[in-house]
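This is the structure I have questions about; it appears just below.
The values are calculated or read from the model by the stated rules, or taken from the named source; none is laboratory data. All values reported here derive from a predicted model rather than from experimental measurement. Note that we place each Cβ from the backbone using ideal geometry, even for glycine, and neighbour counts take in every protein chain shown. Ligands, DNA and RNA are excluded from the accessible area calculation, which covers all protein heavy atoms including side chains. Shrake-Rupley method; radii C 1.70, N 1.55, O 1.52, S 1.80 Å.
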Amino acid sequence: MPKVLISDALSDAAVQIFRDRGVEVDFQPDLGKDHEKLAAIIGDYDGLAIRSATKATAAIIARADRLKVIGRAGIGVDNVDIPAASARGIVVMNTPFGNSITTAEHAIAMMFAIAREIPAADASTRAGKWEKNRFMGAEITGKTLGLIGCGNIGSVVASRAIGLKMKVIAYDPYLSPDRAVQLGVEKVAEVDDLLKRADFVTLHVPKTEKTANMLDARRLALMKPTARLINCARGGLVDEAALAEALKAGRLAGAAFDVFSVEPAKESPLFDCPNIVCTPHLGASTEEAQENVALQVAEQMSDYLLTGAIQNALNAPSITAEEAPLLKPWVAVCEVLGGFAGQVTETAIKEIEIEYVGDVGDLNLKPLTAALTASLLKPLMGEGAVNMVSAPIMAKERGIAISETRRDAQGAFGSYVRLIVVTERQTRAVAATIFSDGRPHFIQIKGVDIEAAPMPFMLYTTNEDTPGYIGALGTKLGDLGVNIATMALGRAERGGEAIALLGVDQTLTPAMLAEIKTLRQVRDAKALAF
């Protein structure tokens, strides 16, 4: 039974989902604040469910020997070291849709609050003043709303704003023209153009190297003096000092911020500015949203631990519960292909091409390609250095080009996978499929047809196709005390190069391989392990 640690506050219903699904739960909602204790016990768990208090740092992850998944109840994963998790094969997933409506509604509420100066008017009135003339607001209807980011949350904001009879323009490099039309927004090519046109600007992008301080002094100066800025996305997207200066100088009409560069925000240059509304990161703080994300992360983590299904992962391809059992045997095929190629390759890999032939081509190929790439790199990088999650990243870092091709069924086998590896010296191809026993079998190596099931210990030789080789090889292995379990042979043409793939009962040492290579027919010999 998999075991999950919940180190932040999640609802009782979320805890019960884990238990009902057959997952053992250790609910310690205050543990996230105790880094040392978390590090001491994290090695006992298969899953870690968190909110924002727990910091899943590289140091914590280094102690997580069993950990398979980290589930964040919410969108932001600033508190998770994703590269460290990827390096250890830990899937990191969040719940991007559970609080989209709540966060969007908060942005709309902040827009109303700053447009009509509601917080300041409330404080003034309750102080016994009656300052009707002081609080002269602005209408929303007919104004232009500029969205920076039009994804899950931004699109909800757009629909609400259109309902308020606003004109909506959006900057988002990933927003397709068709999607913009569907949403009823005008796509803008440049942030600067949006800032010049909008009466209200609201941010809905993650904080990255590219978006950090994206609204700096230069860009803030492009906004209309009557414009208002809302940020319910991430702190650090706006240069807060530059914004404070603009507000105090009257170059902007107002701002509303739910997020800050440093949180908890005990102090900020924005706090003493005129016409500013500030809230303590309340975007997702509704009972409905908190319950939704908690239930969603419990379901997602249970699905992954029990069935292998992956949803909303930030460092792994998505796999549905229905796909998982269909993919499992083909993942094994891909691991065998990658393992074979990785063990026989001696020079730098430049390119790999993966051909998915027949029905396998209709499956979700991302996890198959990831599994193949991981097993290909593993012999070259060492055990534990690469996994399905980190393999695509590592291949890219090493300049290995990866391509996928789908082909209709052809030849004797209705469905199979062929791997073509291009190195500095040569191009090598190997193919495998699933036999009736449900296990992977090699069906072709170097263009030579062959049928062989992978075994824990194997010997692969390339040799001259001459009489007496099988007997000589068998005798040599017998002299070395190595028992042959299986043998498969093949050749391209009579008298040319031939291959042999033998299953044996023990590891072949370098000294044994050296002896095998003394046979006059042998061109090369490799020990393989699967």
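Taking the stretch 259-274 as the region of interest, how many residues are in contact (Cβ under 8 Å) with a residue 24 or more places away in the chain, among the hydrophobic types (A, V, I, L, M, F, W, C) and open to solvent by 60 Å² or more (accessible area, probe 1.4 Å)?
So the answer is 1.
Just to check your reading of the model, which residue among Leu147, Leu48 is open to solvent by less than 10 Å² (accessible area, probe 1.4 Å), at pLDDT 95 or above, more than 20 Å from Leu31 (Cα to Cα) and not β-branched (Val, Ile, Thr)?
From the options Leu147, Leu48, the qualifying one is Leu147.
Could I ask something else about it? Criterion first (touching a residue at least 40 places away in the same chain (Cβ under 8 Å) and open to solvent by less than 20 Å² (accessible area, probe 1.4 Å)) does Ile230 satisfy it?
yes
Continuing with the same structure: Which residues, counting only those in the stretch 482-511, are touching a residue at least 24 places away in the same chain (Cβ under 8 Å) and under 9 Å from Leu459 (Cβ atoms)?
Those that are touching a residue at least 24 places away in the same chain (Cβ under 8 Å) and under 9 Å from Leu459 (Cβ atoms): Val482, Ala500, Leu501, Leu502, Gly503, Val504, Leu508.
Which of the residues belonging to the stretch 29-41 are under 18 Å from Ile61 (Cα atoms) and open to solvent by 20 Å² or more (accessible area, probe 1.4 Å)?
Lys33, Asp34, His35, Glu36, Lys37, Ala40, Ile41, listed by residue number.
Then there is this: Please indicate, with yes or no, whether at least one residue in the stretch 11-25 is in contact with an Asp or Glu (Cβ under 9 Å, 6 or more places away or on another chain) and among the aromatic types (Phe, Trp, Tyr).
Yes: the stretch 11-25 contains one or more residues that are in contact with an Asp or Glu (Cβ under 9 Å, 6 or more places away or on another chain) and among the aromatic types (Phe, Trp, Tyr).
Oh, and also: Filter the stretch 191-212 down to the residues that are at pLDDT below 95 and open to solvent by 50 Å² or more (accessible area, probe 1.4 Å) and list them by number.
Pro206, Lys207, Thr208, Glu209, Lys210
Looking only at the stretch 37-60, decide whether some residue is of a type in the set (Phe, Trp, Tyr) and over 24 Å from the mean Cα position of the chain (by Cα).
No - not one qualifying residue is present in the stretch 37-60.
When Glu131 is evaluated against the numbered criteria (1) open to solvent by less than 20 Å² (accessible area, probe 1.4 Å); (2) over 24 Å from the mean Cα position of the chain (by Cα), which criterion, by number, is the only one it fails?
The single condition Glu131 does not satisfy is (1).
Is at least one residue of the stretch 101-111 outside any helix (DSSP H, G or I) and out of contact with any Pro (no Cβ under 8 Å at 6 or more places or on another chain)?
No; the residues of the stretch 101-111 include none that is outside any helix (DSSP H, G or I) and out of contact with any Pro (no Cβ under 8 Å at 6 or more places or on another chain).
Which members of the stretch 318-348 meet the condition of being in contact with a strand residue (DSSP E or B) (Cβ under 7 Å, 6 or more places away or on another chain) and either outside any helix (DSSP H, G or I) or of a type in the set (Asp, Glu) (or both)?
Ser318, Ile319, Thr345, Thr347, Ala348 - these are the residues of the stretch 318-348 that are in contact with a strand residue (DSSP E or B) (Cβ under 7 Å, 6 or more places away or on another chain) and either outside any helix (DSSP H, G or I) or of a type in the set (Asp, Glu) (or both).
Here's another thing I want to ask about it. Being closer than 29 Å to Ser52 by Cα, part of a loop (DSSP other than H, G, I, E, B) and open to solvent by 30 Å² or more (accessible area, probe 1.4 Å) is the filter here, so list the residues in the stretch 233-258 that pass it.
Result: Arg234, Asp239.
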